Amino acid sequence: MSLPFTLRPYQQEAVDATLAHFRKKNDPAVIVLPTGAGKSLVIAELARLARKKIMVLTHVKELVEQNHAKYESYGLTGGIFSAGLSRKEQQHQVTFASVQSVNASLDKFSDEYSLLIVDECHRVSDNDESQYNKIFSQLKQHNPSLKILGLTATPYRLGIGWIYQFHYRGYARSENLKPFKRCIYELPLSYMIRNHYLTEPVMEDATIAQYDFSVLQQNSFGGYSEQDLNQLLSKHQRVTRSIIEQVVERSEQRKGVMIFAATVDHAKEIFGYLPAESAALITGDTPLVERDRLIKQFKNRDIKFLVNVSVLTTGFDAPHVDLIAILRPTQSVSLYQQIVGRGLRLAPDKKDCLVIDYAGNSFNLHHPEVGEKRPAPDTEPVQVFCPSCGFANIFWGKTDAEGKVTEHYGRRCQGLLEDDSGQMQTEQCDYRFRFKDCPHCNAENDIAARKCHQCHEAIIDPDDQLKDALKLKNAMVLRCSGLSLSTKESKLLVTYHGEEGEELKESFDFSKPAAKKRFNQIFGRRVANSQAPQLLESIEQALAYESLLTAPDFVIARQQKHFWSVKERIFDYQGRYRKANQLA
């Protein structure tokens with residue numbers, strides 16, 4: 001049969017990776033393809049090759065319709081199960097369905113499905129009571145060997161983390177179980193742009209006043225509350241007006257403009273500054289019929305400006321868009337790429353897409369996703385090699401003017417170990433860049449651990465340690481801003497410096513093996529922020545590494561008769577107490 005489409009090389013690679021994976025195992029798998037890579041063609045090809053009953057599941061009717069249309073372009077017939085499309089068909093080998101409609105009719109799905117494909121699978125959570133997981137359970141009741149494949153451009157969600165555990169290139173994304181076991185294929189956005197599968201983005205920082213969202217407190221998901229955003233934005237209405245005036249001016253030679261707002265109130269304000277006859281506003285509260293009408297007008301170029309709040313970042317296809325204005329903050333590289341991706345699809349007479357960031361997000365479009373919320377505005381993804389296995393980790397970090405990593409926030413190496421035959425295992429490298437020692441067995445644990453992974457004894461929480469010490473009259477808690485070394489005969493003296501000039505001292509007698517071993521456990525292991533651990537055999541060698549030794553965040557000492565005796569050193573502290581030289 002003559003096929004209407006020829007798969008691009010990377011699309012064929014994604015299909016081949018899927019077939020190879022499911023021939024060997026049934027582990028739920030993920031394919032990561034950037035916006036505009038043609039996931040619907042990959043889905044259509046997999047559905048065409050299937051010999052048994054399969055379901056393609058997604059969360060919006062537009063994608064149900066789009067995926068179904070691509071499949072039927074092969075001259076094949078598939079069913080649609082979506083209340084939004086007024087069709088509930090199950091008799092075909094391939095069914096394209098919306099998650100809401102299937103979840104509302106679970107008892108109707110008693111056939112044996114061999115494969116379930118989930119488009120935009122980053123929406124799948126680890127909550128057993130979610131709509132997705134209820135569907136998974138229902139289908140697995142009739143086929144325990146059900147194969148589940150997810151496709152997404154963003155395999156990471158703030159507050160939840162990575163949606164898969166292991167990557168085919170040999171690294172772990174999480175120590176915990178995830179909805180999907182493995183990423184089996186991934187294509188970076190830079191590849192798509194470099195090979196002209198997507199339009200070249202022209203990135204610009206705003207030349208007029210920007211919003212300063214850095215003053216807001218992030219929530220546990222790495223975002224900001226709508227109330228806090230509205231309070232800040234209400235104080236900067238002149239800024240918003242001047243931004244929109246510039247957007248309108250810069251759009252004179254542009255065909256389609258998408259504006260991403262921070263909140264509904266913000267979007268309404270933006271909409272009020274745009275020419276009413278050529279603008280539309282879509283929020284989560286926009287009725288579906290009205291939303292469809294506005295999107296159709298925009299795609300037909302009857303209107304030029306489309307303002308939205310978190311509803312058009314996925315599943316929206318308007319290739320003529322050639323100006324993206326970002327007026328909302330995000331701590332996710334993936335979401336940032338999704339937003340920009342709305343303007344990168346190819347279209348006739350489209351040379352590039354202008355992207356203007358008015359929110360100070362400061363992301364490089366080609367940065368990889370890190371998998372954690374951004375710890376500070378001046379951080380960026382940095383590469384950190386593991387001293388144990390050599391794996392090149394990507395963490396949030398800081399660099400100097402020459403690009404050298406000066407600080408990073410990684411905890412554990414993400415590399416996977418190989419067995420004797422060179423095959424990649426699912427055992428993660430156990431090297432930790434940040435850790436706390438178990439007081440019972442000296443095993444290294446994650447800085448948030450409450451129980452030792454090795455001896456299973458309880459580990460005292462640093463906040464509790466500090467709280468208890470602060471209550472004692474004979475205890476001193478020093479907020480450590482640095483350390484220095486000096487010598488006295490065979491002893492190495494370590495002086496801890498407080499932010500207000502106070503000091504604590506302790507000594508290590510290098511003539512005694514136990515003391516030298518203890519110094520290396522505390523400091524040698526953490527040389528250069530644990531990037532270059534050393535076994536320091538002599539006082540001279542320790543002095544040579546003085547500038548690379550990591551100082552603790554807090555030092556706790558107890559008063560003896562005539563001196564203070566150091567009892568605890570707290571490294572890599574994350575808690576409610578202020579560290580040295582931090583604002584309250």
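The values are calculated or read from the model by the stated rules, or taken from the named source; none is laboratory data. Bear in mind the structure is a predicted one, so any value in this text is a computation, not a measurement. Positions of Cβ are backbone-derived with ideal geometry, glycine not excepted, and every protein chain shown enters the neighbour counts. We work out accessible area using only protein heavy atoms, side chains counted, and drop any ligands, DNA or RNA first. Shrake-Rupley method; radii C 1.70, N 1.55, O 1.52, S 1.80 Å.
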Take the residues of segment 282-306 that are modelled with pLDDT of 95 or more and in a strand (DSSP E or B): which is surrounded by the fewest Cβ atoms within 10 Å (Cβ to Cβ)? 305
Given the conditions (1) of a type outside the set (Asp, Glu); (2) touching a Cys at 6+ places or on another chain (Cβ under 6 Å); (3) surrounded by fewer than 14 Cβ atoms within 10 Å (Cβ to Cβ), and given that residue 456 satisfies all but one, which numbered condition is not satisfied? (2)
Residue among 75, 79, 84 that alone is farther than 26 Å from residue 156 by Cβ and at pLDDT 90 or above: 79
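Might you let me know whether segment 142-154 holds any residue that is modelled with pLDDT under 90 and either at positive phi or not small (Gly, Ala, Ser) (or both)? Walk me through it before giving the result.
Within segment 142-154, the subset modelled with pLDDT under 90 is 153-154.
Right, trim to either at positive phi or not small (Gly, Ala, Ser) (or both) and you get 154.
The answer is yes; a qualifying residue exists.
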Within segment 458-516, can you find the residues that are without any contact (Cβ under 8 Å) to a residue 40 or more places away in the chain and among the small types (Gly, Ala, Ser)? 458, 486, 501, 507, 511, 514, 515
If I filter segment 248-266 for residues that are closer than 25 Å to residue 234 by Cβ, open to solvent by less than 40 Å² (accessible area, probe 1.4 Å) and acidic (Asp, Glu), do I get at least one hit? no
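Every residue, every condition in (1) in contact (Cβ under 8 Å) with a residue 60 or more places away in the chain; (2) in a strand (DSSP E or B); (3) surrounded by 11 or more Cβ atoms within 10 Å (Cβ to Cβ), yes or no:
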position	(1), (2), (3)
543	no, no, yes
551	yes, no, yes
555	yes, yes, yes
558	yes, yes, yes
561	no, no, no
566	yes, yes, yes
577	yes, no, yes
583	no, no, no
Residue 137 is checked against (1) assigned to a helix (DSSP H, G or I); (2) over 19 Å from residue 41 (Cβ atoms); (3) in contact (Cβ under 8 Å) with a residue 12 or more places away in the chain and fails just one. What number does that condition carry? (3)
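Out of everything in segment 401-412 that is open to solvent by less than 60 Å² (accessible area, probe 1.4 Å) and in contact with a strand residue (DSSP E or B) (Cβ under 6 Å, 6 or more places away or on another chain), what residue ends up being modelled with the lowest pLDDT?
Only one residue tops the list, namely 405.
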Which residue, of 466, 472, 478, is assigned by the TED database to the domain that holds residue 529, open to solvent by 20 Å² or more (accessible area, probe 1.4 Å) and either farther than 17 Å from residue 532 by Cβ or in contact with a helix residue (DSSP H, G or I) (Cβ under 6 Å, 6 or more places away or on another chain) (or both)? 472
Quick check: is even one residue across segment 258-272 more than 20 Å from residue 339 (Cα to Cα) and assigned to a loop (DSSP other than H, G, I, E, B)? no
With respect to residue 131, determine if the residue is under 17 Å from residue 54 (Cβ atoms), open to solvent by 10 Å² or more (accessible area, probe 1.4 Å) and either in contact with a Pro (Cβ under 7 Å, 6 or more places away or on another chain) or of a type in the set (S, T, N, Q) (or both). no
Does residue 428 count as under 22 Å from residue 164 (Cβ atoms) and polar (S, T, N, Q)? yes
Subset of segment 28-52, residues among the acidic types (Asp, Glu) and touching a Phe, Trp or Tyr at 6+ places or on another chain (Cβ under 8 Å), comes to none
Report every pair of residues separated by at least 6 positions or lying on different chains whose Cβ atoms are under 8 Å apart, first residue within segment 105-119 and over 16 Å from residue 134 (Cα atoms) and in contact (Cβ under 8 Å) with a residue 24 or more places away in the chain, second of a type in the set (Lys, Arg) and open to solvent by less than 10 Å² (accessible area, probe 1.4 Å). none
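Got a number for residues in segment 324-376 being in a loop (DSSP other than H, G, I, E, B) and either open to solvent by 20 Å² or more (accessible area, probe 1.4 Å) or farther than 22 Å from residue 248 by Cα (or both)? Explain how you work it out, then say what you get.
As a first pass, look at segment 324-376 and keep what is in a loop (DSSP other than H, G, I, E, B): 327-332, 342-351, 358-376.
This time we only want the ones that are either open to solvent by 20 Å² or more (accessible area, probe 1.4 Å) or farther than 22 Å from residue 248 by Cα (or both), so: 328, 330-332, 345-351, 360, 362-376.
Number of matching residues: 27.
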Qualifying positions in segment 546-569 - out of contact with any Lys or Arg (no Cβ under 8 Å at 6 or more places or on another chain) and either of a type in the set (D, E, K, R) or not assigned by the TED database to the domain that holds residue 528 (or both): 546, 561, 568, 569
